[in-house]
1. Here is a check on your reading of the model: is Ser719 assigned to a loop (DSSP other than H, G, I, E, B), out of contact with any Lys or Arg (no Cβ under 6 Å at 6 or more places or on another chain) and within 22 Å of Met908 (Cα to Cα)?
2. Here is a list: Arg425, Arg408. Which entry is modelled with pLDDT under 95 and under 30 Å from the mean Cα position of the chain (by Cα)?
3. With the requirement that a residue be acidic (Asp, Glu) and either under 15 Å from Ile600 (Cβ atoms) or not in a loop (DSSP other than H, G, I, E, B) (or both), what does segment 632-656 give you?
4. Mind counting the residues in segment 346-390 that are in contact (Cβ under 8 Å) with a residue 60 or more places away in the chain, surrounded by fewer than 11 Cβ atoms within 10 Å (Cβ to Cβ) and over 24 Å from Ala816 (Cβ atoms)?
5. Could you list all residues from segment 38-78 that are in contact with a strand residue (DSSP E or B) (Cβ under 9 Å, 6 or more places away or on another chain) and under 26 Å from Ser905 (Cβ atoms)?
6. Is there any pair with a first residue in segment 464-491 that is touching a residue at least 12 places away in the same chain (Cβ under 8 Å) and a second that is assigned to a loop (DSSP other than H, G, I, E, B) and of a type in the set (Val, Ile, Thr) whose Cβ atoms are under 8 Å apart and which are 6 or more apart or on different chains, and what are they?
7. May I ask you to say which residue of Tyr706, Tyr735, Tyr745 is hydroxyl-bearing (Ser, Thr, Tyr), out of contact with any His (no Cβ under 6 Å at 6 or more places or on another chain) and in a helix (DSSP H, G or I)?
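The values are calculated or read from the model by the stated rules, or taken from the named source; none is laboratory data. Please read these numbers as outputs of a predicted model, since none were measured by experiment. Note: ideal-geometry Cβ built from the backbone for every residue, glycine included; neighbour counts use all protein chains shown.
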Amino acid sequence: MIKNSITLVFLCFAVSIFAQKRALTHEDYDLWKNITDTKISNTGKLIVSTIETTTKRGDGYLQIYNTETKEKFTTFNGYDASITADERFVIFKRKPSYNSVRQEKKKEVKEDEKTKDVLLIYEVKTNKIYDSIARVSGYKVPKVSNGWLVIENFKKQKPKAKDETKKDAKKDTVKPKLGKGYKQSYALVYDLKSKRTDTIFQIKDFVVPEKGDTFYYTTTNHIGGKKKKGNQVRKRDVGIFVYDIPSGTKTVIDSTRYLYDKLAVDKTGEQFSFMAAKDSTHLDSIRYELFYYGDKKLTNLVDTQGKNIRNNWELGNGKASFFSENSNRLYFYSKPKVTYKKDTTFLDDEIPQVDVWNWNDKLIQPEQKAKIKDLKNEAYISYYDLEKKSVVEIQDETFKDVLFDKNREQRFILGATGAPYDVERSWNFPWTKDFYVIDTYTGKKRLSLTKTALQPFLSPDGKYALYYDMEQKHWFSLNLETLEKKNLTQKLKVAFYDEDDDHPALPFMYGFGGFDKAGNGLIYDKFDVWKVSLSGNTKPINITSNGRKKNIEYRTLRLDEENSNLASYSNNELLITSFDKTTKSSGLYTLTDTGMKEKIKSTTYFINRYKKAKEADVFTFQQQNFDTFQDLHYTDSNFQKNTQLTDVNPQKKDFKWGTAELFTWKSYDGKKLEGIIYKPEDFDPSKKYPLITYFYEKRSDSYHTYYTPRPSASVVNPSYLVSNGYVMFVPDIVYEDGKPGPSAYNCIVSGVEALEKLGYIDSENMALQGQSWGGYQVAYLITVTNKFKAAMAGAPVSNMTSAYGGIRWQSGLSRAFQYERSQSRIGKNLWDGFDLYIENSPLFGIPKIETPLLMMHNDSDGAVPYYQGIEMFMGMRRLQKPVWLLVYNDEQHNLRKEKNRQDLSIRMMQFFDHYLQGKPAPVWMTKGVSRVDKGKYFGYDLEQNASETPKTTIPSSNR
């Protein structure tokens with residue numbers, strides 16, 4: 001009796017708790033925030049986090065945490081933060097409030113009169129704001145030096161008469177003379193110790209070195225250039241200057257040229273380079289010269305007559321020059337001169353506008369169009385040796401890419417070209433290149449690797465390149481001096497290629513873990529990390545040893561942003577992450593002489609986004625699971641204690657959420673598969689729940705992922721679904737070559753049927769949803785099964801025969817390679833595999849469809865041609881199958897604009913709610929929205945509530 005009473009009390013309490021929570025709505029998205037940036041000071045004393053509203057329709061804040069004093073400082077709408085090298089100040093910008101920006105847009109306030117960012121300077125010692133500067137567009141702080149920064153300001157607002165009104169204002173024939181600050185942007189040189197500022201008017205550009213007490217800048221005249229015969233002319237620049245911080249003096253370096261551009265400074269600030277043009281030639285034909293400034297002397301390194309460059313070449317002005325780490329080399333770009341004989345007797349409207357496609361083109365016309373800026377700026381790198389006063393030509397037209405060491409100082413580097421294989425990129429994959437070893441002392445080039453798919457890694461000592469050969473499926477080292485190649489893994493009995501890859505192409509490697517402190521390469525098999533000596537003289541060692549046995553994936557961390565190919569350490573012990581393939585949880589280890597030492601225990605979280613202080617063992621990381629937002633944590637005690645620093649979304653406690661669980665089953669052909677089931681938090685196994693199944697390749701490893709409620713770019717949101725009474729299922733899919741559609745059926749429908757056997761799925765109310773490759777599979781599945789009551793497909797391929805010959809318009813690439821070698825997995829060209837293209841195309845199965853289909857396909861989709869959605873829509877319309885197509889204008893493959901994401905979220909859930917929960921259909925589904933009503937009436941009204949007079953409804957939580 002007592003036990004029953006306790007149970008009853010507990011149930012009543014639980015019901016009361018759930019009753020206090022409410023389901024997520026589309027109006028709630030703006031409540032959620034995200035951590036968009038984290039910075040750690042050099043010694044780890046300060047951790048700065050930027051928190052912004054996920055939808056950008058609201059305000060965020062910046063948080064500064066002092067790991068020594070444990071003090072926390074939070075400020076409204078801060079972002080773009082920098083920490084001074086001495087850790088005395090944090091400098092950041094503050095955005096105007098979202099509401100004020102929105103109101104200014106509504107009032108159509110002129111750009112110059114809009115509220116601008118404020119620069120704030122926070123003093124660590126006092127834990128307070130130290131100073132502020134209004135109307136700031138940007139700033140730069142020296143990376144190593146202390147005590148000063150340069151701030152760029154928008155021009156000042158013109159003063160208004162105190163009592164002036166539009167009605168009574170009298171025209172004053174004498175206008176007050178305004179200073180230069182009211183006409184152009186200007187810069188402030190700010191002294192952090194005294195708060196003194198020095199103004200630089202007419203600022204155009206400036207560069208700040210990592211260390212030192214000088215910086216360089218250019219200024220320009222306010223009076224703009226005029227157009228000549230329709231050609232744009234730039235404004236004249238005043239000159240180029242050096243600023244000395246201790247004395248505050250400004251010294252003219254040069255003022256005789258018309259334009260100055262591409263400023264570059266070495267890390268010490270003692271050497272400087274820039275480009276300049278002599279006259280105001282039209283923008284498309286400006287000829288620049290390269291100048292070097294050092295020891296207070298200006299030297300013309302490259303002139304318009306060809307000094308220090310190859311015969312009939314000219315300086316490339318599309319890319320800036322740069323210095324090597326030790327400042328001994330100044331790198332610059334040049335290119336062959338190209339002159340066009342233009343018939344000046346033609347008018348512009350008499351010149352034909354035509355793209356000439358040639359079957360021998362290396363790049364097809366759409367790819368050339370997508371890369372037109374890079375193609376126009378294409379140039380080849382050389383360097384000027386500042387000690388020897390000589391030029392070494394590193395690159396020529398033989399190859400397009402150069403792979404440098406970090407410091408740009410090693411003798412041997414690599415050059416690469418895909419030119420011999422560019423044509424076959426349209427249908428072949430992976431794409432391959434030839435690699436050359438370049439002697440930077442002499443410029444000599446030697447062909448070293450041919451038809452190689454993956455980029456090699458240069459060793460820290462400059463002696464070797466480490467690379468993976470996809471054909472041989474092994475790791476090799478290349479001696480950069482002798483060109484000797486050694487197979488480093490041929491004697492090992494484990495695979496270093498992806499054993500589970502199911503594409504009709506060569507499998508990729510598992511990955512590269514960086515170089516350790518001794519210069520050894522760290523490479524991955526499916527589970528473990530191996531150490532290989534690049535000389536090949538010692539046997540490879542499995543340094544994690546037990547990953548395969550325990551079904552744990554071990555990987556290294558590479559946290560040094562300046563040395564991204566170096567593995568990271570804590571207390572001189574190699575950092576190793578773990579991912580349990582069974583539980584999908586993460587952990588962290590260090591590698592010691594005696595083995596692996598656990599630092600963060602693998603529990604129920606996915607841990608990522610590690611960062612490390614440059615000069616100390618202070619780390620930050622984020623951890624999450626489906627129920628826990630990825631708040632920021634830190635440790636400064638060798639992971640003895642981990643502290644949570646942020647609580648970004650406390651409002652989550654007010655909403656109904658849910659749970660995630662792993663689910664296994666066997667496909668129809670007997671393969672063991674995994675998936676994720678998301679359930680409402682008040683789940684009752686005795687009830688029946690509507691089911692939405694979403695899929696994209698393999699997703700079960702994302703089991704511990706937190707899904708922020710936010711407007712959808714293309715897919716359903718698990719958090720929103722479970723909050724609103726749905727069960728969501730995400731099955732893994734494995735594929736058979738030539739059968740992408742049947743493979744999807746084999747995995748997805750078998751999983752749904754296994755899920756139905758659990759007893760809580762309402763089999764009469766199930767739906768499918770997917771985007772892109774998932775969208776294709778949704779469209780295919782409804783042609784082979786009528787099991788689902790509704791389906792939503794985003795950007796689906798409907799007709800593989802027409803899609804095969806289509807273009808990925810964003811990149812300009814042919815789509816053929818996707819079908820022959822990549823995701824679409826046909827494995828043959830259209831003519832050799834014609835039947836497979838027909839069998840796998842949803843378009844040809846439309847007569848069998850009985851499932852209502854909602855599609856989204858946007859008219860600027862750069863991945864899947866827009867006409868694929870139209871073909872599916874028109875086919876279903878012709879056969880009078882229920883179908884809707886949402887086309888968002890000037891939108892990409894996935895929606896970019898928040899207003900359109902909000903709209904899709906509303907319509908997609910109205911569609912599912914109608915078919916799966918029996919809610920009234922919205923007007924846009926029953927009557928549509930005419931072209932005349934577009935933008936005025938959205939059709940969200942539900943049929944039983946729809947008024948005769950259309951109402952304006954704004955698809956946003958801001959009304």
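1. Working: assigned to a loop (DSSP other than H, G, I, E, B): no; out of contact with any Lys or Arg (no Cβ under 6 Å at 6 or more places or on another chain): yes; within 22 Å of Met908 (Cα to Cα): yes.
In short, no.
2. On the way: Arg425 fails: modelled with pLDDT under 95.
So the residue among Arg425, Arg408 that is modelled with pLDDT under 95 and under 30 Å from the mean Cα position of the chain (by Cα) is Arg408.
3. Restricting attention to segment 632-656, the residues satisfying the condition of being acidic (Asp, Glu) are 636, 647, 654.
Scanning segment 632-656 gives Asp636, Asp654.
4. Qualifying residue count, segment 346-390: 1.
5. Thr50, Ile51, Glu52, Thr53, Thr54, Gly58, Asp59, Gly60, Tyr61, Asn77
6. Pairs that qualify, where the first residue is touching a residue at least 12 places away in the same chain (Cβ under 8 Å) and the partner is assigned to a loop (DSSP other than H, G, I, E, B) and of a type in the set (Val, Ile, Thr), are His474/Thr489; Trp475/Thr489.
7. Answer to the selection: Tyr745.
Rundown of residues vs (1) small (Gly, Ala, Ser); (2) assigned by TED's automatic domain parsing to the domain that holds Pro882; (3) under 27 Å from the mean Cα position of the chain (by Cα); (4) at positive phi, yes/no style:
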| site | (1), (2), (3), (4) |
| --- | --- |
| Ser743 | yes, yes, no, no |
| Asp762 | no, yes, no, no |
| Gln769 | no, yes, yes, no |
| Ser772 | yes, yes, yes, yes |
| Val797 | no, yes, yes, no |
